[in-house]
Amino acid sequence: MNNLSEKKELNGRVALVTGGARGIGLAITKSLVAHGAKVVIADVGSSINGESFDPSVAESAAQEIGNNVIAYTESIADPLTAKASVELAIKKFGALDILVNNAAILRDSFIFKGKPEDFDSVIKTNLAGAWYLTNAATPNMRQHSKENRGGKPYSWGRVINITSTAGFYGNYGQSSYASAKSGMLGLMRTTAMDLLRAGITCNAIAPFAATRVTETIIPANDEQTAYKERALKILPNHVAMVVSWLCSLHGQNINGQLFGVRGREVFLFSQPRPIAKLVNNEADWNINTLNASAKKILSPHYIDLDTDLEAFNTEPNV
Ligand SMILES: NC(=O)c1ccc[n+]([C@@H]2O[C@H](COP(=O)([O-])OP(=O)(O)OC[C@H]3O[C@@H](n4cnc5c(N)ncnc54)[C@H](O)[C@@H]3O)[C@@H](O)[C@H]2O)c1
């Protein structure tokens, strides 16, 4: 080990990045490796809708990046194969310190047209896969915590869920995807709580970046055309930098947070908390009295049905 590599923030850490062979996941893999980590890329090389797989995608990515990376090409959308990816990381690299739940597929359609089997596939890959991996990876991280792997106090365990603004703004035609991405926030908060005592953190990032998915957006109006043009300018390496930062020692006390990354802009999002309250003090509470109170107290605070397209309609800082 030379002096330069000794100084790298993630030296000695082992990471597993789902969907780590393409787009944002590939940028995350490269950044973790550049900061000294060893990485298992768990990626089936699927089409955007998850209907066809190509193992050569992950194999080529791993080969190109180098010795500190290996490919795992079974699906993470199955509890057994998800667990096997964690076992591979432990067998090959001796541990698992960082889990990035990034793999996702899309099967968009309006809620009144969607097929239950498409909903099931999206939930299985985008949400259940993240649960399976977190469930399989965190016993190993907790064990490290007890043994103080990496020195006292334990400062290694990290779980990062790549979510989407669709999960909390919603988006037209994305009921399955938004349900899964929203579910990742509940998973993130609870994982952060369950692992707090072990010194393991869990955070979520809603990214914006040009990938093959951004390229497939078919704009329906001028506003959407402008949105797509802006999105195509944003490189995924900024998301990757925030992931590496959260995985470094600097991230040790950052837990349960929801970030957004759009080029050089890093946002901290609020998380739903009560913003207004009415209390019924009348003995004969009925629909009409409730309606009168709601109009006065709650309705000024109702949240607009805006999507991220309206919320992020400024030129990104790239
Ligand atoms: N690109 C954006 O602007 C954007 C915006 C919001 C959220 N996101 C989220 O960021 C993440 C990465 O998105 P991207 O644009 O890079 O997508 P992408 O389609 O380019 O990459 C996703 C990767 O996941 C892999 N994958 C899919 N199903 C898998 C499975 N069952 N097992 C293992 N691997 C599997 C695919 O093979 C692919 O390489 C996703 O979670 C996505 O929802 C992206």
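The values are calculated or read from the model by the stated rules, or taken from the named source; none is laboratory data. Note that the structure is predicted; figures quoted are calculated from it, not measured. Note that each Cβ is placed from the backbone with ideal geometry, even for glycine, and that neighbours are counted across all protein chains shown.
Residues of segment 180-201 that are in contact with a helix residue (DSSP H, G or I) (Cβ under 8 Å, 6 or more places away or on another chain) and of a type in the set (S, T, N, Q): Ser182, Thr191, Thr201.
You will find that of Ala210, Ala180, Ala204, the residue that is assigned to a strand (DSSP E or B) and within 11 Å of the ligand (Cβ to nearest atom) is Ala204 and no other. Taking the criterion of being in a loop (DSSP other than H, G, I, E, B) and within 12 Å of the ligand (Cβ to nearest atom), the residues of segment 162-177 that qualify are Thr163, Ser164, Thr165, Asn171. When Leu232, Leu278 are screened for being on the phi < 0 side of the Ramachandran plot, within 13 Å of the ligand (Cβ to nearest atom) and without any contact (Cβ under 8 Å) to a residue 40 or more places away in the chain, only Leu232 passes.
A count restricted to segment 178-213 and to residues that are farther than 30 Å from Thr138 by Cβ and surrounded by 17 or more Cβ atoms within 10 Å (Cβ to Cβ) stands at 1.
If you filter segment 76-96 down to residues that are small (Gly, Ala, Ser) and either in contact with a Pro (Cβ under 9 Å, 6 or more places away or on another chain) or surrounded by fewer than 21 Cβ atoms within 10 Å (Cβ to Cβ) (or both), you find that the one that is farthest from Gly19 (Cα to Cα) is Gly94.
Each residue in segment 277-318 was checked for being part of a helix (DSSP H, G or I), modelled with pLDDT of 95 or more and under 35 Å from the mean Cα position of the chain (by Cα), and 4 pass. Checked across segment 252-269, the condition of being small (Gly, Ala, Ser) and free of Cβ contacts under 8 Å to residues at least 24 places away in the same chain holds for no residue. Scanning segment 213-247 for residues that are among the small types (Gly, Ala, Ser) and at pLDDT 95 or above turns up Ala240, Ser244. Residues of segment 169-179 that are in contact with a helix residue (DSSP H, G or I) (Cβ under 7 Å, 6 or more places away or on another chain) and within 12 Å of Asp118 (Cα to Cα): Gln174, Ser176, Tyr177. Count of segment 11-51 residues, restricted to those that are farther than 18 Å from His238 by Cβ and near the ligand (Cβ under 6 Å from one of its atoms), is 9. Is there any pair linking a residue in segment 86-114 that is acidic (Asp, Glu) to one that is surrounded by fewer than 17 Cβ atoms within 10 Å (Cβ to Cβ), with Cβ under 7 Å and at least six apart or on different chains, and which? Close Cβ pairs satisfying both conditions: Asp108/Gly173. What residue, among those in segment 213-246 that are assigned to a helix (DSSP H, G or I) and of a type in the set (S, T, N, Q), is farthest from Phe267 (Cα to Cα)? Within segment 213-246, the match that is farthest from Phe267 (Cα to Cα) is Thr225. Flag set for Ile217, criterion: within 15 Å of the ligand (Cβ to nearest atom) and among the hydrophobic types (A, V, I, L, M, F, W, C). Note on segment 103-159: among residues that are assigned to a helix (DSSP H, G or I) and either of a type in the set (Gly, Ala, Ser) or on the phi > 0 side of the Ramachandran plot (or both), the one that is farthest from the ligand (Cβ to nearest atom) is Ser145.
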